[in-house]
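All remarks here apply to the structure that follows.
The values are calculated or read from the model by the stated rules, or taken from the named source; none is laboratory data. Source: prediction; values computed, not measured. Cβ sites come from the backbone with ideal geometry, for glycine too, and all protein chains shown count toward neighbours. Surface accessibility is based on the protein's heavy atoms, side chains included, excluding ligands, DNA and RNA. Shrake-Rupley method; radii C 1.70, N 1.55, O 1.52, S 1.80 Å.
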Amino acid sequence: MSKKSVSSPTTRRKFLGGAALATAAVAAPSVVSAQGPISMRWQSTWPSKDIFHEFAVDYAKKVNDMTGGDLKIEVLPAGAVVPAFGLLDAVSKGTLDGGHGVLVYHYGKQTALALWGSGPGYAMDANMLLAWHKYGGGKELLAKLYQSIGANVVSFPYGPMPTQPLGWFKRPVAKVDDFKGLKFRTVGISIDVFQGMGAAVNALPGGEIVSAMDRGLIEAAEFNNASSDRALGFADVSKICMLQSFHQNAEQFEITFNKTKYDGLPEKMKAIIANAVEAASQDMQWKAIDRYSQDYIDLQTKDNVKFYKTPEPILKRQLEIYDEVVKKKAAENPMFKEIVESQLAFAKRATQWEQDTVVNRRMAFDHYWGANAAAKKI
């Protein structure tokens with residue numbers, strides 16, 4: 001045997017050690033790949049035919065695609081596992097891995113949760129309220145709020161909604177007194193506001209409203225937008241819809257994860273989840289503009305619905321009653337007071353900037369689409 005073929009024990013140990021490390025690196029490139037895809041079962045608080053459920057599925061698809069299939073979220077419609085109002089408990093306990101809904105549906109757990117969208121937003125729209133959430137302290141306050149009620153969830157508010165209609169009625173609402181004794185559906189702080197206007201309020205999930213109106217359990221109701229209202233069949237039980245209101249002027253959706261499940265995810269996957277929230281938030285707004293505007297036309301031309309603008313005295317009374325409700329709840333609930341003060345501080349400068357900076361587009365609208373519209377001459 002030649003000297004070149006003889007290797008020392010030290011040389012062999014170095015070679016075998018290097019080979020073992022190389023083999024380990026090839027065999028276990030990542031924890032997720034070794035274990036296979038992570039699956040999550042979610043539920044939304046919306047019927048499958050509602051565009052809101054579609055928004056929930058849109059978010060899940062973004063995450064599924066962005067993780068390359070390493071995380072697979074399946075979204076079931078309301079009632080598939082738990083009732084719509086039972087979503088928070090189901091996610092917190094791990095019955096579901098996550099869900100899609102609105103914070104106001106948790107009003108019975110902690111009234112301050114409704115401050116994410118239920119009310120006039122102190123002149124902010126929903127996008128501005130989300131700015132407060134991300135940059136003005138809302139995110140930290142929400143985490144503190146959930147912790148205070150023992151909710152084992154991670155929450156991502158997203159998807160700013162346009163101003164919601166006052167609601168669907170048997171006849172146009174002309175004055176505040178028209179609400180006296182009216183059996184009306186709403187949720188969250190809006191319950192207190194409409195009760196303050198004299199209504200007899202019944203809080204129902206979105207999928208139960210039309211049936212309740214059809215059976216006479218309620219006489220009028222608000223839900224959300226032209227596409228949802230049309231899909232859910234509001235035009236089958238009412239032909240009158242009042243537009244513009246302060247009861248939910250700045251609402252947004254909420255994505256929740258079971259915190260134990262979320263905390264166990266790789267950091268890279270958590271980053272994808274957070275960025276998918278913001279991507280879905282913008283995409284949802286674009287889709288809403290396209291679909292809501294078309295369904296608004298279809299409700300009028302195909303379903304014979306008449307739309308009316310809510311009279312200003314009603315809008316003014318909503319603001320007055322809302323302030324009374326907030327004052328009462330802030331006195332009872334220190335966290336409610338803390339959140340309101342945070343929103344007010346942010347809204348004061350944000351809305352002043354907006355009012356001073358953003359041009360009122362009504363003039364441009366009238367120029368192009370009014371009686372003497374320039375668009376007709378082009």
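A quick yes/no check of all residues on (1) at pLDDT 95 or above; (2) more than 16 Å from residue 252 (Cα to Cα); (3) out of contact with any Gly (no Cβ under 7 Å at 6 or more places or on another chain):
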site	(1), (2), (3)
278	yes, no, yes
283	yes, no, yes
288	yes, no, yes
295	yes, yes, yes
301	yes, yes, yes
314	yes, yes, yes
321	yes, yes, no
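Does residue 290 satisfy the condition of being within 30 Å of residue 56 (Cα to Cα), free of Cβ contacts under 8 Å to residues at least 12 places away in the same chain and open to solvent by 80 Å² or more (accessible area, probe 1.4 Å)?
Details: within 30 Å of residue 56 (Cα to Cα): yes; free of Cβ contacts under 8 Å to residues at least 12 places away in the same chain: yes; open to solvent by 80 Å² or more (accessible area, probe 1.4 Å): yes.
So residue 290 passes the test.
What is the one condition in (1) in contact (Cβ under 8 Å) with a residue 60 or more places away in the chain; (2) open to solvent by 20 Å² or more (accessible area, probe 1.4 Å) that residue 134 does not satisfy?
Failing condition for residue 134: (1).
Write out, first by first residue and then by second, each pair whose Cβ atoms fall under 6 Å of each other, whose residues are 6+ apart or on separate chains, and whose first residue, in region 215-235, is farther than 20 Å from residue 162 by Cβ while the second is small (Gly, Ala, Ser) and crowded, with 23+ Cβ neighbours inside 10 Å.
What qualifies is 220/167.
Looking at (1) of a type outside the set (Gly, Ala, Ser); (2) within 14 Å of residue 159 (Cα to Cα); (3) part of a loop (DSSP other than H, G, I, E, B), which is the only condition residue 278 fails?
Result: residue 278 passes all but (3).
Here are the criteria: (1) of a type in the set (Ser, Thr, Tyr); (2) over 21 Å from residue 241 (Cα atoms); (3) open to solvent by 50 Å² or more (accessible area, probe 1.4 Å). Tell me which single one residue 308 does not satisfy.
Only one criterion in (1) of a type in the set (Ser, Thr, Tyr); (2) over 21 Å from residue 241 (Cα atoms); (3) open to solvent by 50 Å² or more (accessible area, probe 1.4 Å) is unmet by residue 308, namely (2).
Is one or more of the residues making up region 142-162 of a type outside the set (Gly, Ala, Ser), within 20 Å of residue 190 (Cβ to Cβ) and either open to solvent by 20 Å² or more (accessible area, probe 1.4 Å) or free of Cβ contacts under 8 Å to residues at least 24 places away in the same chain (or both)? It would help to see each step written out before you state the result.
Restricting attention to region 142-162, the residues satisfying the condition of being of a type outside the set (Gly, Ala, Ser) are 142, 144-147, 149, 152-154, 156-158, 160-162.
Now restrict to residues that are within 20 Å of residue 190 (Cβ to Cβ): 142, 145, 157, 160-162.
Okay, now just the ones that are also either open to solvent by 20 Å² or more (accessible area, probe 1.4 Å) or free of Cβ contacts under 8 Å to residues at least 24 places away in the same chain (or both), so 162.
Yes: one or more hits.
Name every residue in region 210-244 that is part of a loop (DSSP other than H, G, I, E, B), open to solvent by less than 20 Å² (accessible area, probe 1.4 Å) and in contact with an Asp or Glu (Cβ under 7 Å, 6 or more places away or on another chain), in order of residue number.
Going through region 210-244, the residues part of a loop (DSSP other than H, G, I, E, B) turn out to be 215-219, 222-225, 233, 237-239, 244.
Filter once more, so that each one left must be open to solvent by less than 20 Å² (accessible area, probe 1.4 Å): 218, 222-225, 233, 238.
Hit for region 210-244 is 223, nothing else.
All but one of (1) buried (at least 23 other Cβ atoms within 10 Å of the Cβ); (2) small (Gly, Ala, Ser); (3) under 27 Å from residue 260 (Cα atoms) hold for residue 90; which doesn't?
Unmet for residue 90, out of (1) buried (at least 23 other Cβ atoms within 10 Å of the Cβ); (2) small (Gly, Ala, Ser); (3) under 27 Å from residue 260 (Cα atoms): (1).
Please tell me if residue 329 is free of Cβ contacts under 8 Å to residues at least 12 places away in the same chain, under 30 Å from residue 110 (Cβ atoms), surrounded by 14 or more Cβ atoms within 10 Å (Cβ to Cβ) and within 24 Å of the chain's Cα centre (by Cα).
So residue 329 does not fit the description; no.
Going by the structure shown, is residue 207 farther than 21 Å from residue 319 by Cα and either part of a helix (DSSP H, G or I) or in contact with a helix residue (DSSP H, G or I) (Cβ under 6 Å, 6 or more places away or on another chain) (or both)? Let's see the steps before the verdict.
Details: farther than 21 Å from residue 319 by Cα: yes; either part of a helix (DSSP H, G or I) or in contact with a helix residue (DSSP H, G or I) (Cβ under 6 Å, 6 or more places away or on another chain) (or both): yes.
In short, yes.
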